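Down below is the structure, laid out as structure tokens.
Derivation of every value follows stated rules applied to the coordinates shown; laboratory data play no part. Keep in mind that this is a model prediction, so the values were computed, not measured. We place every Cβ from the backbone using ideal geometry, glycine too, and count neighbours over all the protein chains shown.
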Amino acid sequence: MMVQGKRHTLSTTRHRLLVVSNRLPVSIKKDESGNMTAVPSSGGLVSALNPILSEYGGTWVGNTGFASNGESHDAEVRRLLTATTRGTSVRYLPVFLSTEEQTNFYEGFSNEILWPLFHDLQSRCNFAPRYWEFYQRVNQRFAAVSLKASQPGDVIWIQDYQLMDVGRLIRHKRPEGTLAFFMHIPFPAPDIFEKLPWRRQILESLLEHDLLGVQTPRDERNLVACIRTFLPSAEVEREHDYRRILYRSRQTRIQAFPISIDFQQFAHGAASPEVGRRAFEIRRQLNGIPIAIGIDRLDYTKGIPERLRAFARFLRDFPTTRGRISLYQVVVPSRENITGYRRLMHEIEQLVAHINGEYSQPGWVPIHYVHRSLPRKELLALYRAASLALITPLKDGMNLVSKEYCAARTENDGVLILSEFAGAAPELHRGALLVNPYDELGIAESLNRALAMEPQEQRRRMMRMRAWVRRHDIHNWRDSFFAALDGYSGAAAS
Ligand code: GDG
């Protein structure tokens, strides 16, 4: 639709926006005396979408991580959420799940099937049929809350792998509505996706959206290849930088939108005197010994044990570096109700103890290990204090930490060692040292190379990465996504 020669975009017409994600950006916690408080949730999805919602305004639908516990409890949660967003243009709307639903939908279908499968770790999957029933049932619940909270002209933007069936259920009631979806995790190739017993239903549900965003061109190729393989009657057309799918008289645009960060916010925050003082303090407390940081949610996809082993290999193979660098590994608690995650935590703790036991010397510890979530300022101070970032996921949709590290390096120094299987790799490859996260020796050699890297080379590499992330920030991501949606949706015609 053209207005005075200018294309209407979602940003200029301000369509009402409803974001739907599994978790709200705040979690509800109850203390010992039974008082409830709302605390910010952590994770990449929240980091990325928070600045967008605060700026654009809208409704955010999601669950609070707290099992439903009767009418009066639910009403209290609602009141708390309303109080949390008072004075802003954002509204949080809770979806309440029972403990059984949480177990089977979230821990079960989402995190014992979809999460490992979509990260190419199929041997970790548990394809229990009851999980699928709960997945559909809970998706139905999210769809019902979203429908009730929105009007036909609104844009409904569904997030991530836990909610792939919501669009189908909404579409049924709103054939003309504008529905978008963004997948934050990788999309697997057909030979992996085919293991999913419900592969056809999932693809059909995804094709109910007007716009389907994925992180990287590789994810786009994989998704399209899965559609061609498992829905052979779908027609695929290639347009400039996206594909158009025609299936059962609906059109869906599929496109890669590499997600990003609020570059200016990270750069300004990191450059603040307060953060500068804290970074100085951290370096002093560590006796001036440089650090390489690793910052990850507790998750086997992040490659933490593999990284620790590679660090030990580095200390073994390059003995002159002992005492000259430490690894500062932050592991943010995550999904602690899932057995595999608790096992992973113990594995990490044992490895840290073992490596420290083997190599520590007076005045130097090889690995500093922090197992908790840090306040934003402390995180920024660590980014500033760290000469190296060692980010080696086995597979990652994007990995925002790698972009945040670059944004925080306002002096254009520091080296990023990055897994070639992170979604960020194709964007940062001209500045980062890319490694295979399974290749212990390769990582050890890269660490050695990073430690010896001349300041001019660090500067050249860091400047390239910072320029890229500055240009391709979260605002740019939102604008591209909304512009693409405009060309396709009921919103554009309204
Ligand atoms: C998923 C996909 C994709 C971490 N520790 C602390 C903390 N964080 C923040 C970081 C960053 C976020 O959490 C982590 O984001 P990632 O992108 O690295 O990873 P996931 O949580 O797995 O995110 C991922 C993302 O969605 C977005 O699409 O990139 O591939 O898996 O922002 O800063 N924040 C604070 N304290 C911590 O200790 N405050």
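Based on C-alpha pairs under 8 angstrom that are at least 6 apart in sequence, the chain has a relative contact order of 15 percent. Ranked by the mean number of other Cβ atoms within 10 Å of their residues, highest first, the peptides 341-348, 287-294 fall in the order 287-294, 341-348. Residues of segment 272-308 with amide nitrogen under 20 Å from the 7 Å Cα-to-Cβ point of residue 322? Output list for this probe position: 287-292, 308.
Helix 44-56 axis versus longest C-alpha principal axis of the chain: approximately 60°, rounded to the nearest ten.
Let me have the relative contact order for segment 255-368, percent, based on Cα pairs under 8 Å that are six or more residues apart. Each step should come with its number before you reach the end.
Details: 97 pairs, mean separation 32.8, N = 114.
After rounding, I find 29 percent.
The angle between the Cα long axis of helix 273-285 and the main principal axis of the chain comes to about 40°, on a 0 to 90 degree scale.
Neighbours of residue 149, meaning other residues whose beta-carbon lies under 11 angstrom from its beta-carbon, give a summed charge of +2 when Lys and Arg score +1 and Asp and Glu score -1.
Taking every DSSP beta bridge with both residues inside the chain, roughly what % is antiparallel (nearest 5)? Just about 25 percent of them are antiparallel.
Work out how much length residue 241 to residue 172 would gain on full extension: take 0.36 nm times their residue separation and subtract the Cα-Cα distance, in nm to one decimal.
Numbers: separation 69, 0.36 × 69 = 24.84 nm, distance 2.93 nm.
Here the answer is 21.9 nm.
If only the Cβ of Lys and Arg carry +1 and only the Cβ of Asp and Glu carry -1, the dipole of the chain around its Cα centre is close to 820 debye.
Can you give the extra length, in nm with one decimal, that the chain gains between residue 479 and residue 456 once fully stretched, where that is 0.36 nm per residue apart less the Cα-Cα distance? It would help to have the intermediate numbers written out before the result.
Values: separation 23, 0.36 × 23 = 8.28 nm, distance 3.46 nm.
So the extension gain works out to 4.8 nm.
Electrostatic bookkeeping for residue 452 treats Lys and Arg as +1 and Asp and Glu as -1; over the other residues with beta carbon under 13 Å from its beta carbon, the sum is -1.
Near residue 391: Cβ cut-off under 14 Å, other residues only, Lys/Arg at +1 and Asp/Glu at -1. The net charge is -1. Please compare each pair in 30/302; 148/395; 195/302; 195/403 to a cut-off of 25 Å on the Cα-Cα distance and tell me which ones are over it. As for pairs spanning more than 25 Å Cα to Cα, those are 30/302; 148/395; 195/403. For the pair residue 35 and residue 356, label points projected 7 Å from Cα toward Cβ lie 3.4 nm apart.
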